[in-house]
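The values are calculated or read from the model by the stated rules, or taken from the named source; none is laboratory data. A quick note: this is a predicted structure, and the numbers were derived from the prediction, not measured. Positions of Cβ are generated from backbone atoms using ideal geometry, with glycine treated the same way; all protein chains shown enter the neighbour counts. To get the accessible areas, we keep the full protein, side chains included, count just its heavy atoms, and leave off ligands, DNA and RNA. Shrake-Rupley method; radii C 1.70, N 1.55, O 1.52, S 1.80 Å.
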Amino acid sequence: QVQLVESGGGLVQAGGSLRLSCAASGRTFSAYPMGWFRQAPGKEREFVAAISWSYSQTQYADSVKGRFTISRDNTQHTVYLQMNSLKPEDTAVYYCAAKNEVGSIGVYVRGTEYDYWGQGTQVTVSS
């Protein structure tokens, strides 16, 4: 069993920053690949960022490269998404996800590859 709870969303002006947090519980959380996805109203869910268990390797969507940073703190059982230089097109509900693959060396960018999802947190960026 893995439970994920996102927080840190809110309303910000374009160019501002937010840090999203995903608090996780589960015996083997530290060994799970993790990811962030987002979904805007009427749009398909899209990949944002992912981080591996081994070496904390990362992968980012082209639209957020250079602006967003994913990281994890296994001691605090938390994964973060630092979002800088926010744009109105970043407006969406953001979800964190975990893949049930203990000891994985991979980074996963497809939502269908993940097994556990948080409830989501709203991020709204105004012009």
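A few points about this structure:
- Amide H contacts of GLU101: none lie under 5 Å away among residues 5 or more positions distant or on a separate chain (H built 1.01 Å from N in the peptide plane; Pro and chain starts excluded).
- The alpha-carbon of LYS65 sits under 16 angstrom from the alpha-carbons of these aspartates and glutamates, leaving out residues fewer than 8 places away in its chain: GLU46, GLU89, ASP90.
- Summing Lys and Arg as +1 and Asp and Glu as -1 over all other residues whose Cβ lies under 12 Å from the Cβ of CYS22 gives a net charge of 0.
- Between the amide H of LEU86 and those of GLY15, GLY16, distances stay under 5 Å, these residues lying 5 or more places away or on another chain, with hydrogens modeled in the peptide plane.
- The order of ASP115, ASP90 by accessible area, most exposed first and with a 1.4 Å probe, is ASP115, ASP90.
- Order by protection proxy (mean Cβ within 10 Å, highest first), peptides 97-103, 15-21: 97-103, 15-21
- Bridging of LYS43 to lysines at a Cα separation below 18 Å is possible for LYS87, once same-chain residues fewer than 8 apart are set aside.
- Derived scalar couplings between HN and Hα for region 113-127 equal 7, 9, 10, 10, 9, x, 7, x, 9, 7, 10, 10, 10, 8, 6 Hz in order, rounded to whole Hz, by the Karplus curve 6.51 cos²θ - 1.76 cosθ + 1.60 (θ = phi - 60°), x for Gly and Pro.
- Pairwise FRET efficiency - ASN74 versus ASP115, Cβ, R0 = 22 Å, nearest 0.05: 0.75
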